[in-house]
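> Below: one structure in structure tokens.
The values are calculated or read from the model by the stated rules, or taken from the named source; none is laboratory data. Just so you know, these numbers come straight off a predicted model, no measurement behind them. No Cβ is skipped: glycine too gets one built from the backbone with ideal geometry, and neighbour counts run over all protein chains shown. Accessible surface areas use protein heavy atoms only, side chains included; no ligands, DNA or RNA. Shrake-Rupley method; radii C 1.70, N 1.55, O 1.52, S 1.80 Å.
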Amino acid sequence: MKPRTTAVPGAVAQALALAPALSLSLSLSLSLSLSLSLSGCGGCAARSDGGTADSGAGADSAPADADAGPDPRTLDGTPEPLDPGEIPAITLTALGAKFEPCHVHTGVDSWAVDVAYAWAGGSDLYATTYDTGGDPIEPPVRTPVVTNAALSTTDWSALPATDPSTGEALAYFVDGPGDNLGPGADEMDWNLEWEMLQGAFGADPTAAAFPPTHYLHAYWYDRGAQLLALQYWFYYPYNKFVNNHEGDWEHVSVVLGLAGSGAARFDAATANQTPLVYHFSFHSSDGSYLPDEVVRVGDRTGSACGACDGDHLVVFSGGHACIDFPDGSYCGDYSGASYPLPGVFPVEFGITQEDATGLGRLLHADQFRIVLLDEPGRIDYAANPTLSWLALPFFAGQPRVAANSALVMATGGDVVPTHPARKSDWLGALPDPIVDVTRFAPIVSFTPPLDWPVISNPTP
């Protein structure tokens, strides 16, 4: 596919370089301007297979029927953790499988995996401190605090949060397999390390050394209203895009309305759970969608969900984009951003577009394993050493990636993100649907595989 390239306007570059505090308002205004202009794109969006797909209007954002009660997207919940043991692990795993997402990836070389992949290339665990902006720094000397051999077999959750000699706050990181090598979409060896570490899995990703994996965190969105949030976190080893970094975290949430009482509310074999709203996160934006506004499919034959009558959201994982920065043209296919529909979306301060219409790799929900994430203080890390990172200020990749535009580095786009339990979304409320810029983007049609039974498909 010919890269979709956008040059950075000089005024925008100066504004971002001189006034990063204005990036949020700048992003919103430019995003709205760009996305509105996209509506006149001639009804045709480029696809990664070189063909074209008809595009329709953005997702319908009409208000809910007044007789149907309040729009679930605007409900102000009171998020709080589950009580310890409130939903037994086996019950929560089955419930998670019932509503587990499917993924449609633009690229073919990566999917969400276990965090243990981050040290599969041989990295030890290192300690570092933070810069004045609160980001982890590359230490002058990397001194191992936990050896690679011990990372998957011993509990390292009790490492100190501060340096005992200086009192400085500490961060911990591993250096993920491979690196970014340049601005081009193919200038990396992250993908080569991926192929080597995953082994020969043929056409079946579940046979890879690191199969598709979702981390599931459940919490009460509103206990009084019996609204339960299932938060699916995706760990991607690298972000190869117009900005480049390691250790990417993305997520979607499914808010369920529960019926019945007691344990029956959580029983996946019953019809006591109804999806009311879906929360998507993409770059610096997010949005909430109703069930008929997203693509949903049922179980395939032999689903891990069993006889639970699964209802699976389809996540469109971005995506291809290019930007002509003053110091080079940066391109990539692996942003990991989780979109509600296949389309072309404004990103990166509204100065380029992300094409999330390609069908690089399709993964049904039943191809993912589920790893439960409880609140960090409740986990038995001795029994689950590969979750030790959840208790610490841990970063699943090198602190910064050098092969980036100077503008990206000045605005933090090269920095490894923090992990889910340290993000504001961990016990998050729903975003305001009014500021969701995806609603203005051109959407293309999606035809699920024949063995993905359609529940809803609003694409044109």
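> Every residue in segment 222-263 that is in a loop (DSSP other than H, G, I, E, B), open to solvent by 10 Å² or more (accessible area, probe 1.4 Å) and in contact (Cβ under 8 Å) with a residue 40 or more places away in the chain, please. Can you show your working first?
If we filter segment 222-263 for residues that are in a loop (DSSP other than H, G, I, E, B), which is where we start, we get 223-226, 241-243, 259-261.
Retained after the next criterion (residues that are open to solvent by 10 Å² or more (accessible area, probe 1.4 Å)): 223-226, 243, 259-261.
Those that are in a loop (DSSP other than H, G, I, E, B), open to solvent by 10 Å² or more (accessible area, probe 1.4 Å) and in contact (Cβ under 8 Å) with a residue 40 or more places away in the chain: R223, G224, A225, N243.
> While we're here: Can you spot a residue in segment 442-450 that is over 18 Å from C102 (Cβ atoms) and at pLDDT below 95?
Taking every residue of segment 442-450 in turn, at least one turns out to be over 18 Å from C102 (Cβ atoms) and at pLDDT below 95.
> Residue pairs, Cβ under 7 Å, 6 or more apart or interchain, first in segment 179-194 and touching a residue at least 40 places away in the same chain (Cβ under 8 Å), second open to solvent by less than 60 Å² (accessible area, probe 1.4 Å) and of a type in the set (S, T, Y). List them.
Hits for this filter: P183/S329; P183/Y330; W190/Y238; W194/S110.
> Considering only residues that are within 12 Å of V254 (Cβ to Cβ) and either not β-branched (V, I, T) or not in a strand (DSSP E or B) (or both), which ones fall in segment 264-289?
If the condition is that a residue be within 12 Å of V254 (Cβ to Cβ) and either not β-branched (V, I, T) or not in a strand (DSSP E or B) (or both), then Q273, P275, L276, Y278, H279, F280, S288, Y289 are the ones that fit.
> Another question, then. Do the conditions hold for I443, that is, is it in contact (Cβ under 8 Å) with a residue 40 or more places away in the chain and over 22 Å from the mean Cα position of the chain (by Cα)?
Criteria not met by I443.
> Sticking with this structure for a sec: Report yes if F201 is in contact with a strand residue (DSSP E or B) (Cβ under 6 Å, 6 or more places away or on another chain) and at pLDDT below 95, otherwise no. I'd like the intermediate steps shown before the answer.
Numbers: in contact with a strand residue (DSSP E or B) (Cβ under 6 Å, 6 or more places away or on another chain): no; at pLDDT below 95: yes.
Against the criterion (in contact with a strand residue (DSSP E or B) (Cβ under 6 Å, 6 or more places away or on another chain) and at pLDDT below 95), F201 does not qualify.
> For segment 327-354, which positions are in contact with a strand residue (DSSP E or B) (Cβ under 9 Å, 6 or more places away or on another chain), part of a loop (DSSP other than H, G, I, E, B) and more than 26 Å from Y232 (Cβ to Cβ)?
Answer for segment 327-354, where residues must be in contact with a strand residue (DSSP E or B) (Cβ under 9 Å, 6 or more places away or on another chain), part of a loop (DSSP other than H, G, I, E, B) and more than 26 Å from Y232 (Cβ to Cβ): just I351.
> Filter segment 108-153 down to residues that are in contact (Cβ under 8 Å) with a residue 24 or more places away in the chain and at positive phi, then give me how many there are.
1
> What residue, among those in segment 355-374 that are assigned to a strand (DSSP E or B) and touching a His at 6+ places or on another chain (Cβ under 7 Å), is nearest to P183 (Cα to Cα)?
Pass one, segment 355-374, residues assigned to a strand (DSSP E or B): 355, 361-363, 369-372.
Remaining after also requiring touching a His at 6+ places or on another chain (Cβ under 7 Å): 355, 361, 363, 370.
On the way: D355: 18, R361: 23, L363: 28, I370: 34 Å.
Step by step, filter segment 355-374, then rank; the result is D355.
> Separate question: Which number in (1) in contact with a helix residue (DSSP H, G or I) (Cβ under 9 Å, 6 or more places away or on another chain); (2) of a type in the set (V, I, T); (3) open to solvent by less than 30 Å² (accessible area, probe 1.4 Å); (4) modelled with pLDDT of 95 or more marks the one condition that I370 misses?
Of everything listed in (1) in contact with a helix residue (DSSP H, G or I) (Cβ under 9 Å, 6 or more places away or on another chain); (2) of a type in the set (V, I, T); (3) open to solvent by less than 30 Å² (accessible area, probe 1.4 Å); (4) modelled with pLDDT of 95 or more, I370 misses just condition (3).
> Would you mind stating whether R400 is touching an Asp or Glu at 6+ places or on another chain (Cβ under 9 Å), at pLDDT 95 or above, basic (K, R) and open to solvent by 40 Å² or more (accessible area, probe 1.4 Å)?
Here the answer is yes, as R400 does meet what is asked.
> Right, another one. Looking only at segment 339-357, how many residues end up being farther than 20 Å from V401 by Cβ, in contact with a Gly (Cβ under 9 Å, 6 or more places away or on another chain) and either surrounded by fewer than 24 Cβ atoms within 10 Å (Cβ to Cβ) or aliphatic (A, V, I, L, M) (or both)?
3
> Additional query: Would you confirm whether or not segment 311-331 contains a residue that is small (G, A, S), over 30 Å from A403 (Cβ atoms) and either open to solvent by less than 20 Å² (accessible area, probe 1.4 Å) or out of contact with any Ser or Thr (no Cβ under 6 Å at 6 or more places or on another chain) (or both)?
no
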